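Just so it is clear, none of the values below were taken in a lab; they were calculated from the coordinates. Small disclaimer: the values here were computed from a predicted structure and weren't measured. As a convention, Cβ positions derive from the backbone with ideal geometry for all residues, glycine included, and neighbour counts pool all protein chains shown.
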Amino acid sequence: MKFSFSKYSGCGNDFVIIDDRKETFPIHEKNEIQKLCSRQRGVGADGLILLQQSLVADFRMRIFNANGSEAEMCGNGVRCLMKFIQEHAKPLLKCCLETGAGLLNVELAGDNVSVAMGKPKNVRWDIPIEIEGKSYNVHFLNTGVPHVVLFVDDKDFESKEFEKIGQKFRHHPTFAPHGTNFNMAKITKSGYVINRTYERGVEGETFACGTGCAAVAIAAMKFEKEKIPIVVQTRSSEELEISLVGDFESLENVIMTGPANKIFTGEIILVLK
């Protein structure tokens, strides 16, 4: 089976995107998705995004993690898909996408893309967690997918144990059965936020996570009294701007704005057994 694809990056969070409006891609072949996303055996990406037809929106977004599992949505991926739509479907300035996390309104903002991500769900503040004898105080909120947020100082932020810690939070019983993404963030003296994310499904640190940056920004607004909008710097050093619609106590929407860039295009051939 032959498919044309484009590779896009949103702040270093990279995706293979395929026009699957005829729904011919073998989504149940997890091994093929894993190989496609493998940086040693395939194109290499944090995930696979399929553009499909929708009965309730302009298009449907299906996104699969590098391990082959399907995710609800991805903030960086949504922005990349919007740029892909411009080239391969319709030159829309605004678009409604059906995702596993609901309907999302997306629009071009100059060279960037803005996504209305809706209200965070399942919010829990100040959760005490103990891992290997060390106590942490974290926050949990679902900004399309589940995220834990931990604020740290400069020393802990650059910890070489980040992925080990992230894995412990990702599989912690408190967040069972689905697990969670893990964000470690710090507030700079100049007032913006720097974030690192361990992503569920990738099972490691990525250069950026849009929904993670949104979760961190919301927590920073509440506990660190940071002013809206908040600029969040990702591990790739690129930035996302997070703003709110409505005040914090009656939050109506979270808006994420950031870059999405095409890296290259190509064709792949899947040899199914």
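With both labels modelled 7 Å from their Cα along Cα-to-Cβ, the Thr188 to Leu93 distance reads 3.3 nm.
So if each residue of separation counts as 0.36 nm, and I subtract the Cα-Cα distance between Leu103 and Arg21, what length gain in nm does that give? Walk me through the intermediate numbers first.
Details: separation 82, 0.36 × 82 = 29.52 nm, distance 1.78 nm.
Computed gain between Leu103 and Arg21 is 27.7 nm.
Take every Cα pair under 8 Å whose residues are at least 6 apart in sequence, average their separation, divide by the length of the chain, and the relative contact order is 21 percent.
Net charge within 9 Å of Phe3 by Cβ-Cβ distance, Lys/Arg positive one each and Asp/Glu negative one each, not counting Phe3 itself? The answer is -2.
Ordering Leu108, Ile218, Leu272 by Cα displacement along the dipole of the chain toward the positive end leaves Leu272 in first place; charges were set at the Cβ atoms of Lys, Arg (+1) and Asp, Glu (-1). Net charge in the neighbourhood of Lys186 (other residues with Cβ under 11 Å of its Cβ; Lys, Arg +1, Asp, Glu -1) is -2. Taking 0.36 nm per residue of separation and subtracting the Cα-Cα distance, full extension of the segment from Lys273 to Arg39 would add 82.0 nm. The order of the peptides 50-59, 10-19 by mean Cβ neighbours within 10 Å, most packed first, is 10-19, 50-59. Basic side chains Lys and Arg get +1 at the Cβ, acidic Asp and Glu get -1 at the Cβ, and with that the dipole of the chain about its Cα centre reaches some 460 debye.
The modelled label-to-label distance between Leu251 and Asn31, using points 7 Å beyond Cα along the C-beta direction, is 4.3 nm.
Remark: region 132-148, residue by residue, has Karplus-estimated 3J(HN,Hα) of 6, x, 10, 9, 10, 10, 10, 10, 10, 7, 9, 10, x, 9, x, 9, 9 Hz, where x stands for each Gly or Pro and the curve is 6.51 cos²θ - 1.76 cosθ + 1.60 at θ = phi - 60°. In the chain, a dipole from Cβ-located charges (positive for Lys and Arg, negative for Asp and Glu) runs towards its positive end, and of Asn67, Asn183, Met117 it is Asn67 whose Cα lies farthest in that direction. Extension gain, Lys119-His178: 0.36 nm per intervening residue step, less the Cα-Cα distance, totals 19.2 nm. Using Cβ point charges alone (K and R +1, D and E -1), the dipole size of region 121-251 about the Cα centre works out to roughly 180 debye. Placing dummy labels 7 Å off each Cα toward the beta-carbon, the span from Lys134 to Asp156 is 0.8 nm.
Give, as a single signed number, the net charge of other residues whose beta carbon lies under 13 Å from the beta carbon of Cys96, with Lys and Arg counted +1 and Asp and Glu -1. Around Cys96, the surrounding residues sum to 0.
Starting with the highest mean, order 65-75, 117-127, 262-272 by the number of other Cβ atoms within 10 Å, averaged over the residues of each peptide.
65-75, 117-127, 262-272
If you take the alpha carbon atoms of the chain and fit the smallest convex hull around them, that volume is 133 Å³ per residue.
Annotation: the antiparallel percentage among DSSP beta bridges lying fully within region 121-251 is about 75. Bridgeable lysines around Lys222 (alpha carbons under 26 Å apart, same-chain partners fewer than 8 residues away excluded): Lys119, Lys121, Lys134, Lys155, Lys168, Lys186, Lys189.
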